[in-house]
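Let me begin by presenting the structure, written as C-alpha cells, before commenting on it.
The values are calculated or read from the model by the stated rules, or taken from the named source; none is laboratory data. What you see is a predicted model, and the numbers here were worked out from it, not measured in a lab. Here Cβ is always computed from backbone atoms with ideal geometry, including for glycine, and neighbour counts include all displayed protein chains.
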Amino acid sequence: MQTTDLITKTKNHFENTFNSKVEKMVLSPGRINILGEHIDYNDGFVLPAAIDKIICFAFEKNNSQKCKIIALDLDEEFEIDLTQEVQLEATVWTNYFRGIIQLLKSNGFVLEGFNCVFSSNIPVGSGLSSSAALECGFLFGINELFGLNIKPLDIALMGQKAEHWVGIHCGIMDQFASVMGRKDKVIKLDCTTLEYTYHDADFKDYVLVLFDSNVKHALMTSAYNQRRQECEEGLAIIKNHFAAVHTFRDCTLEQLLSLKTKMPEPVYKRCFFVIKEIDRVNKACEALDTGAITTLGELLFATHEGLSKEYEVSCDELDFLVATVKKNPAVVGARVMGGGFGGCTLNLIKKGSQDKIKEELSKAYLDQFGIELKIYDVKIGNGTSLHEL
Ligand code: GAF
C-alpha cells in the first residue's frame, strides 16, 4: 500500500474507533543496509539507510492510566495499564510496545494513558527492521504527545533496549537508521562512538532491488544471540594476547591467524568474518563516494560469501538467490541483508535489466523451492518524523 493511503487508512480508523481527532501522527521507516552485517554489535562500521516503507502511528491522550494500542493490519488490540508492572506476554508483537513503556517507567518518565492505532507497509520478517520502526516510532510518538524531550539518538538507544528486553541482543544499526535516516543518503555509522556521516546514495547506472526469499527460519533469534556470544568469546581471547586490541577494528588478520588454534573453529570463523567485513565497509563507502559501483557490487558478493560460509547466517534459499543472479552480468552485486536465516537479498542491477531478471529469478525460485519470490524496489527515505495533520 502507498504511504499516503496508509496514512488515510490509519487516520480514518482512529477517528471512527475513538470518535475523536488524531493528536499526533508519526511515520517510522524500515531500513536497508548496504554493507556491514552483524558488525554493529561488534563495534565496527555499518552503512544503512531508512527506506520509503513505513509504520504509521496515530495517537491521542485519553485522560486515563491505560494505553490502548490497535494493530490495524492484524485486527488485534491490547492494553497496557500504567499502574501495573509491565511484563513480557505471549503475543510477541505487543512486547515491543510493552518494552518501550517499561523502559520509560524505569527511567522515571511519568506517563498518562493514550490511544494508538498503527498500520504498516514494511514487510514483516523480511530483514527490513519492522521491529525497529515499531519501537522507535512508538517512542517518538509518546515523546511528542507528552513533551518528554527525549533526543533522537536516545530514542534509537531506547528502541534498542526495548528489543533486548524482548529477547534479541541486537546492535544499534536498525534503530539508528530508522530514526536518523535522511532522504537519498546512506549513513556511515561508527558503532563504537555513534559518530556518523551522510553519503549520497547515488548508484549511478544501477538500481537497488530487494528479493524477498519469503522464508523465515525459526532459529533466527537463538542463532543471532549465539553469534554475538561467539564474537565476544573470540574478542576476549584476542584481547588476552594483544593488549593494544580493544575492539575488532584494532585487530589484524595476522593477529587473528596467530590465535587460530587457541579458539574453537566457529569462533575463529566469526572473528575472521568481522575483521574482513569492517574493512569491506570502509571500502564500500569509498566506492559509493567515488561512483565505483561495480567495486561496491564485488564487495556485496564477498560479504554474502562471508555471511554464508564464515558467519553461517544464510540458508539454501538465500544462497540460491545470490548464486542465480551472480551468473547474470547485469547484476554487479548481491547479498543476504539483515540478520539472516531468511528475509531479503539486496541486489545492485543495471538499470533497464531489472524487469527481465525479476521474471527469470521468480520462475527459477518457484521451480527450485516451490516458494513465490517477493520483490521490492526501495527508495531511500527520511527517518522517523511527525506527519503534519
Ligand atoms: C538485525 C539486528 F537487529 C541489527 O542490530 C544487526 O545486527 C543486523 O541484524 C545484522 O547486521 O537486524
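Looking only at strands (runs of 3 or more DSSP E) that fall completely inside the range 275-383, which ones have 1 or more residues that are of a type in the set (Ser, Thr, Tyr), under 19 Å from ILE32 (Cα atoms) and within 15 Å of the ligand (Cβ to nearest atom)?
342-350
Name every residue in the range 82-111 that is of a type outside the set (Gly, Ala, Ser), outside any loop (DSSP other than H, G, I, E, B) and surrounded by fewer than 13 Cβ atoms within 10 Å (Cβ to Cβ), in order of residue number.
Hit for the range 82-111 is VAL92, nothing else.
Could you list all residues from the range 186-205 that are more than 16 Å from the ligand (Cβ to nearest atom) and either out of contact with any strand residue (DSSP E or B) (no Cβ under 9 Å at 6 or more places or on another chain) or not polar (S, T, N, Q) (or both)? Quick ask: steps written out before the conclusion?
If we filter the range 186-205 for residues that are more than 16 Å from the ligand (Cβ to nearest atom), which is where we start, we get 193, 195, 197-205.
Residues satisfying the conditions are THR193, GLU195, TYR198, HIS199, ASP200, ALA201, ASP202, PHE203, LYS204, ASP205.
Just to be sure I understand, how many residues within the range 30-77 are within 14 Å of the ligand (Cβ to nearest atom) and either without any contact (Cβ under 8 Å) to a residue 40 or more places away in the chain or assigned to a strand (DSSP E or B) (or both)?
So the answer is 10.
Taking only the range 325-355 into account, find how many residues are under 21 Å from GLN368 (Cα atoms) and out of contact with any strand residue (DSSP E or B) (no Cβ under 9 Å at 6 or more places or on another chain).
Of the residues in the range 325-355, 3 are under 21 Å from GLN368 (Cα atoms) and out of contact with any strand residue (DSSP E or B) (no Cβ under 9 Å at 6 or more places or on another chain).
Here are some conditions: (1) assigned to a helix (DSSP H, G or I); (2) modelled with pLDDT under 95. CYS231 meets all but one. Which one does it not meet?
(2)
Just wondering, is there one or more residues in the range 179-202 that are within 22 Å of MET158 (Cα to Cα), within 16 Å of the chain's Cα centre (by Cα) and part of a helix (DSSP H, G or I)?
Looking for residues that are within 22 Å of MET158 (Cα to Cα), within 16 Å of the chain's Cα centre (by Cα) and part of a helix (DSSP H, G or I), one finds at least one in the range 179-202, hence yes.
This table checks each residue for (1) surrounded by fewer than 17 Cβ atoms within 10 Å (Cβ to Cβ); (2) more than 16 Å from the ligand (Cβ to nearest atom); (3) modelled with pLDDT of 95 or more.
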| residue | (1), (2), (3) |
| --- | --- |
| LEU157 | no, no, yes |
| GLY167 | yes, no, no |
| PHE176 | no, no, yes |
| ASP184 | yes, yes, yes |
| THR221 | yes, no, no |
| ARG227 | no, no, yes |
| PHE248 | no, no, yes |
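What number of residues within the range 16-35 are more than 21 Å from the chain's Cα centre (by Cα) and surrounded by 15 or more Cβ atoms within 10 Å (Cβ to Cβ)?
Step one: filter the range 16-35 for residues more than 21 Å from the chain's Cα centre (by Cα), giving 16-25.
Still in the running and surrounded by 15 or more Cβ atoms within 10 Å (Cβ to Cβ): 17-18, 22-25.
Residues flagged as more than 21 Å from the chain's Cα centre (by Cα) and surrounded by 15 or more Cβ atoms within 10 Å (Cβ to Cβ) within the range 16-35 amount to 6.
From SER126, SER222, SER178, grab the single residue that is assigned by TED's automatic domain parsing to the domain that holds LEU288 and of a type in the set (Ser, Thr, Tyr).
Working: SER126 fails: assigned by TED's automatic domain parsing to the domain that holds LEU288; SER178 fails: assigned by TED's automatic domain parsing to the domain that holds LEU288.
It is SER222.
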